[in-house]
Amino acid sequence: MSRYTAATESDRSEMLRAIGVGSIEELFADIPAHLRLSAPLALDAGKSELEVFGELKALAARNTSAEDELSFLGAGMYDHYVPALVDSIISRSEFLTPYTPYQPEVSQGGLQAMFEYQTAICELTGLPVSNASVYEGPSAVAAAGYVAKLANPARTRFVVSRGVHPHSREALATLAHGWGMEVVDAPLHDGVTDLPELDEQVSAVIVQQPNFLGAIEDLEALARAAHDVGALCVAACDPLPLSVLRAPGECGVDLAVGEGQTLGNRLDFGGPSFGFFAATEALIRRVPGRIAGETVDVEGKRGFVLTLQTREQHIRREKATSNICTAQALNALAGVIYLSWLGRHGIVELTELMLQRTAYACERLGAIDGVHLLHHQPVVREFALTLDASVPAVIDRCAQQGVNPGYALGRDYPEYQNGLLVAITEKRTRADIDRLADVLEAAVAAERSRDTHHVGAHR
């Protein structure tokens, strides 16, 4: 018997007889010999549970988490406080264990959770339609591109701001290739999107709010420019700043999507998180995934149903707009629990706290010799700096002092080789920001001194 399946030799023989094959070798006879495994896999011998635990513990110890250092790293994933309430509720078996409801109306609690989640996303984005989540932020952006392609099938081009998260731009470019769509970058000027001249081949203008450099975009102007040529406007949004910014729907945005990690989801290495997706009512039948709706039963009692299901599991493949087989429903549930915990006033207070601390951090860090603000746009909780020193070297020096100063922009932006992206959350106090300033100042000064000495030594 296999260690992993219950099939015995007699079971396998019976299955082979049923399909008219005499052996496993005969079953795979059409596969060329050079493509087959000719020897056992070079795997180490199995280990006991105790040994496996020890090895995994050693591997985990090689990581540095946000709990192990003072972290100002953001760039799409942020170190927010997650109340115990979230884990307490999502750990309940009725939420933790269910899979996709193939008889959804039986799962009234699950459907209500989806409905409440959709309602929260609609209120944040100012748009009338939300689905019951997608996988994560970058795939939400790519899905929005596909919706735009379906809405404008004769058009062949996406115009994407350089201020959109690099991972989102990569996901969109990968899928756009399969759709036969061209992706054109819109450059940034002083931190915000500078749209090129648009024409009637543009299917969608895709921007981010706040953008990757932390700057607040003028969504209304960008949406107007898109609509002037008949294109859709897609905004990839950070959900928490939406509590103090004008809602994308109010600015004329057609699709507001984004990464939901900041809503009650932890910083787990590699995820999972969830993506949100909201749209105008005109696009409702092209929205990917599932939409839960509210109704009444034959006795007039409130109930919930899956109103629209656009994946091929439920409708004909050629009609489907999504192949999402499992939405991140548990993570989305964590999001709506978190939003309910904060409440309408709490989410504003939280974001205003980040605004105040970010303003202090901009002032404090911008005053350091050799450190400059990359742009002068309004920001909420993240901002970009340029350093008169090697950014990777400065980050290494700060790490030695137990501080992660932020994200090296040069990894994704050749035009910002000396750029550092700094993120502030409610967990970063004024004292933490002062600590960052002191460590960053010393690291920049040390690198500048080293560079000067290095140049002098070679003269």
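A short reminder: the numbers here are calculations on the coordinates, not readings from a lab. Keep in mind it's a predicted model, so treat the numbers as computed, not measured. For neighbour counting, all protein chains shown are included, and Cβ atoms are generated from backbone atoms with ideal geometry for every residue, glycine included.
A few comments on the model shown:
- Added length on full extension, which subtracts the Cα-Cα distance from 0.36 nm per residue, L150 to V298: 49.6 nm
- Selection from Q209, P153, G230 lying farthest towards where the dipole of segment 140-234 points positive, charges on Cβ: P153
- For the chain, the longest principal axis of the C-alpha atoms and the axis of helix 108-125 are separated by about 30°.
- Built amide H within the under 5 Å cut-off of T307, gap 5+: I291, A292, G293
- Axis angle, to the nearest 10 degrees, between helix 391-400 and the longest C-alpha principal axis of the chain: 80 degrees.
- Dipole orientation for segment 7-93: of the candidates T64, L85, T8, T8 has the Cα lying most toward the positive pole (charges on Cβ; Lys, Arg +1; Asp, Glu -1).
- Averaging Cα coordinates gives a centre for segment 410-449 and one for segment 340-401; these two points are 8 Å apart.
- Dipole of the chain [Lys/Arg +1, Asp/Glu -1 at C-beta], most positive-end residue of S139, Y360, T452: S139
- The candidate values are (1) 160; (2) 168; (3) 241; the one derived from this structure for volume of the Cα convex hull per residue in Å³ carries the label (3).
- Residue-by-residue Karplus 3J(HN,Hα) for segment 71-83, coefficients 6.51, -1.76, 1.60, Hz, glycine and proline x: 9, 10, 7, x, 6, x, 10, 10, 8, 9, 6, 10, x
- Total formal charge among the other residues, if their Cβ is under 15 angstrom from that of R169, Lys/Arg +1 and Asp/Glu -1: -4
- Helix 166-179 axis, angle to the chain major axis (alpha carbon atoms, nearest 10°): 40
- FRET E, pair K319, S93, Förster distance 25 Å, beta-carbon r, rounded to 0.05: 0.10
- Exposed chymotrypsin sites (Phe, Trp or Tyr not before Pro) absent - longest run of the chain, DSSP non-H/G/I/E/B, at most 15 other C-beta within 10 Å: 270-459
- Peptides 284-290, 390-396, 148-154 ordered by packing proxy, namely the average of other Cβ atoms within 10 Å per residue, highest first: 284-290, 390-396, 148-154.
- F72 long-range amide H proximity, modeled H, under 5 Å: N404, G406
- Karplus-based coupling profile of segment 34-47, in residue order and whole Hz: 6, 9, 8, 6, 9, 8, x, 4, 7, 9, 5, 5, x, 10, with θ = phi - 60° in 6.51 cos²θ - 1.76 cosθ + 1.60 and x standing for Gly or Pro.
- ³J(HN,Hα), Karplus 6.51/-1.76/1.60, whole Hz, each residue of segment 287-293, x for Gly, Pro: 5, x, x, 10, 10, 8, x
- Anisotropy class of segment 345-457 from Cα gyration tensor, a/c 1.5 cut: prolate
- Amide H contacts under 5 Å for L232: A204, V205, restricted to partners 5 or more places along the chain or on a different chain, H placed in the peptide plane at 1.01 Å from N.
- Percent RCO, i.e. relative contact order, over segment 162-312, from Cα pairs under 8 Å lying at least 6 residues apart: 14
- Think of each Lys and Arg Cβ as +1 and each Asp and Glu Cβ as -1; about the Cα centre, that makes the dipole of the chain roughly 460 debye.
- When only the Cβ of Lys, Arg, Asp and Glu is charged (+1, +1, -1, -1), the dipole of segment 84-338 relative to its Cα centre reaches about 740 debye.
- About its Cα centre, segment 60-158 has a charge dipole of approximately 660 debye under the convention of +1 per Lys or Arg Cβ and -1 per Asp or Glu Cβ, with nothing else charged.
- Of the GluC sites (Glu not before Pro) in segment 189-258, those whose Cβ has at most 16 other Cβ within 10 Å and which sit in DSSP loop: E197, E200
- Net charge, R397 excluded, C-beta distance under 15 Å - Lys, Arg +1, Asp, Glu -1: -4
- Formal net charge of residues neighbouring G370 (Cβ-Cβ distance under 15 Å; K, R +1; D, E -1): -2
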